[in-house]
Amino acid sequence: MRPNTSLSPRQLLFAILTVAGGGGVGTLLRDLLLKINDPRCPANGWCGYAPLQNSAPKFSDYIPWVLLAINFVGVIAVTRLLRGSLKGHDPNDLARLLIITGFFGGLTSYSGLFVDFDVLWHRSIAGCLLVAAMAILSGFFGAWLGLRRWSR
């Protein structure tokens, strides 16, 4: 099936609103999960991300574990959806735009990791590179797990 690459102005507006709605819900959920992770959230303002203060005694306190877990689960879910119920859907299909581009685009935050990498870099360059490699490898592993169900 060829993707629908030309949208009317009305279809484009619906597509934009669909992505924005799904993205808003996904981003809100990620923010809530990150705030649950860090009870100090209101005090430091960096909910779930690497803390900016030097109060943590261990390097592992600076690793964004919850954000890494959110991204890992998101990769698995997106891969399963694209290989399962959304397989063959047009990239401009509203369900695909809402769920994949919108919701999971907002839920996962690989760009948020770069904020954490900056903090980690100033604590330990080797540790930062290790966490970056872990984030990339966990994405590949998540995609492999997502694909595994349909490859049998």
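Couple of notes before you dig in:
- Taking region 119-152 as the range and being free of Cβ contacts under 8 Å to residues at least 24 places away in the same chain, charged (D, E, K, R) and in a helix (DSSP H, G or I) as the test, only 148 passes.
- Among the residues of region 102-152, those that are at pLDDT 90 or above and in contact with a Gly (Cβ under 7 Å, 6 or more places away or on another chain) comprise 102, 103, 104, 105, 106, 107, 108.
- Enumeration of residues in region 124-152 that are of a type outside the set (Gly, Ala, Ser), surrounded by 15 or more Cβ atoms within 10 Å (Cβ to Cβ) and more than 24 Å from residue 77 (Cα to Cα): 128
- Answer from 56, 43 - the residue that is hydrophobic (A, V, I, L, M, F, W, C), farther than 22 Å from residue 133 by Cα, open to solvent by 40 Å² or more (accessible area, probe 1.4 Å) and modelled with pLDDT under 70: 43
- Residue count for region 10-31 satisfying the condition of being closer than 15 Å to residue 109 by Cβ and either open to solvent by 90 Å² or more (accessible area, probe 1.4 Å) or of a type in the set (D, E, K, R) (or both): 3.
- Going through (1) within 20 Å of the chain's Cα centre (by Cα); (2) at pLDDT below 60 one by one, residue 66 falls short only on (2).
- Taking the criterion of being of a type in the set (Val, Ile, Thr) and either surrounded by fewer than 13 Cβ atoms within 10 Å (Cβ to Cβ) or out of contact with any Pro (no Cβ under 9 Å at 6 or more places or on another chain) (or both), the only residue of region 106-123 that qualifies is 108.
- Restricting region 69-85 to residues that are surrounded by fewer than 16 Cβ atoms within 10 Å (Cβ to Cβ) and more than 12 Å from residue 146 (Cβ to Cβ), the residue that is modelled with the highest pLDDT: 69
- Note on region 81-90: residues that are part of a helix (DSSP H, G or I) and either over 11 Å from residue 100 (Cα atoms) or more than 19 Å from the chain's Cα centre (by Cα) (or both) amount to 1.
The values are calculated or read from the model by the stated rules, or taken from the named source; none is laboratory data. Note that this is a predicted model, so its numbers are computed, not measured. Don't worry about glycine lacking a Cβ; one is built from the backbone with ideal geometry, like all the others, and counts go over all protein chains shown. Surface accessibility is based on the protein's heavy atoms, side chains included, excluding ligands, DNA and RNA. Shrake-Rupley method; radii C 1.70, N 1.55, O 1.52, S 1.80 Å.
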